[in-house]
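First comes the structure, then the notes that go with it.
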Amino acid sequence: MRSGIDWNSTPIDSCESITGDRIREAAELVHPHVGASSTSEITRANGDQILAKFEDENPTGAFKVRGGLVYFDWLKAMHPEIKSVYAATRGNHGQSVAFSAGQAGISAKIVVPMENSVSKNEAMRQLGAEVIEHGRDFADAMEFAQAEAESEGGHYIQSFDWKLVLGVSTYGYELFGDNPDVDVVYVPIGLGSGVCGTIAARNALGSKAKIIGVVAEEAPAYAHSFAAGEVVFSEEIPETIADGVALRIPNEDAFSAIRKHVDEVVIVPEIDIRQAICELFEITGRRIEGAGAIGYAAWINAEKQLFQNSAVIITGGNIDSALFENALNSGK
């Protein structure tokens, strides 16, 4: 991988540091591997329309690969001695790390919670990563992965890092650049790279669009934190079909940006996520994962008269076949 990003210049350490020039440089790096994803209207049976950014089209089936490619460019430029990396994931971050590590010629070990998505685990293996199952949820997997990296002398890749956000911001730059009239965008919140990338792109292009973050009812930590004005942890293990947003411990850097730049964080019940998966399949023929459908679910229940040009980020399509069939049956 080679890019025009000067990693010795101003550090990438906040939304404000992700300028339009930086995003364009990141896009030049990303696009040879990940082309601009399509953006098109979805029309419901009642005539309501929303513009959707389909990140399920990416080679790993989700948006995060954009960040992985940029992160590994930094790693190769600034730490060429690194030969192995570790990460923790529910799936999409791990696939991003596995794909990007393969492109960079670096070995990857990915830690996932027990009973994680079978198809996501297999996808990471197919991309060349070693998959290790450990812990009850993402928080447990993350703690174990960090400890393993430290003991083995490997490099641990956080699931939230501003260099990852820089890569992810390229999808928002595509969306707002091609659709300057968008006045609101619904963005799922997992650990926070997607919503922070959307913020950075909107700000860099000077868009006035509102950003509405979306979380699952069974994983409401970011919504509770947003309401409280400070990070609020959840003790309960998230049990949601939207495994990409199944977080109980918010990232403080991500939360700081969300609190400053996001207009609202809404909570979506499980049944609405399942119905959104079902409806998206009926309308588009796409198998969208829970975290990818949750923004669409939030829009369905929103007050449409508040905005004229709504958009949603369909963040990924990696869903186990059994889970998908279950969603279709329960969402009808």
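The values are calculated or read from the model by the stated rules, or taken from the named source; none is laboratory data. Source: prediction; values computed, not measured. Ideal geometry is used to build each Cβ from the backbone, glycine not excepted, and the neighbour counts take in all protein chains shown.
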> Can you pull out the strands (runs of 3 or more DSSP E) entirely within segment 1-94 that have at least 3 residues that are surrounded by fewer than 24 Cβ atoms within 10 Å (Cβ to Cβ)?
Replying inline: 39-43, 49-54
> Taking ILE23 and the conditions (1) in contact with a strand residue (DSSP E or B) (Cβ under 8 Å, 6 or more places away or on another chain); (2) not assigned by TED's automatic domain parsing to the domain that holds ALA257, which numbered condition does it fall short on, given that it satisfies the others?
Replying inline: (1)
> List the pairs whose first member sits in segment 98-127 and is farther than 21 Å from GLU152 by Cβ, whose second member is part of a helix (DSSP H, G or I), and whose Cβ atoms are under 6 Å apart, counting only residues at least 6 apart or on separate chains?
Replying inline: PHE99/VAL65; ALA123/GLN95
> Considering segment 137-193 alone, what residues qualify as being aromatic (Phe, Trp, Tyr) and in contact (Cβ under 8 Å) with a residue 40 or more places away in the chain?
Replying inline: PHE138, PHE144, TYR156, PHE160, TRP162, TYR171, TYR173, TYR186
>> Can you pull out every residue in segment 152-182 that is within 14 Å of the chain's Cα centre (by Cα) and among the small types (Gly, Ala, Ser)?
In response: SER159, GLY167, SER169, GLY172
>> Can you list residue pairs whose Cβ atoms sit under 7 Å apart, with the first residue in segment 311-332 being closer than 12 Å to ILE241 by Cβ and the second being part of a loop (DSSP other than H, G, I, E, B)? Count only pairs 6 or more apart in sequence or on different chains.
In response: ILE319/ARG287; ILE319/GLU289; ASP320/SER117; LEU323/ILE241; PHE324/ARG287; ALA327/ILE241
> So ARG90 clears everything in (1) within 20 Å of SER169 (Cβ to Cβ); (2) modelled with pLDDT under 95; (3) charged (D, E, K, R) except one condition, right? Which one?
Replying inline: (1)
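Conditions (1) closer than 12 Å to ALA52 by Cα; (2) in the same structural domain as LEU175 (by TED's automatic domain parsing); (3) out of contact with any helix residue (DSSP H, G or I) (no Cβ under 9 Å at 6 or more places or on another chain); (4) buried (at least 24 other Cβ atoms within 10 Å of the Cβ), marked per residue:
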site	(1), (2), (3), (4)
ALA276	no, yes, no, yes
ALA291	no, yes, no, yes
TYR296	yes, yes, no, yes
ILE300	no, yes, no, no
GLN305	no, yes, yes, no
GLN308	no, yes, yes, no
THR315	yes, yes, no, yes
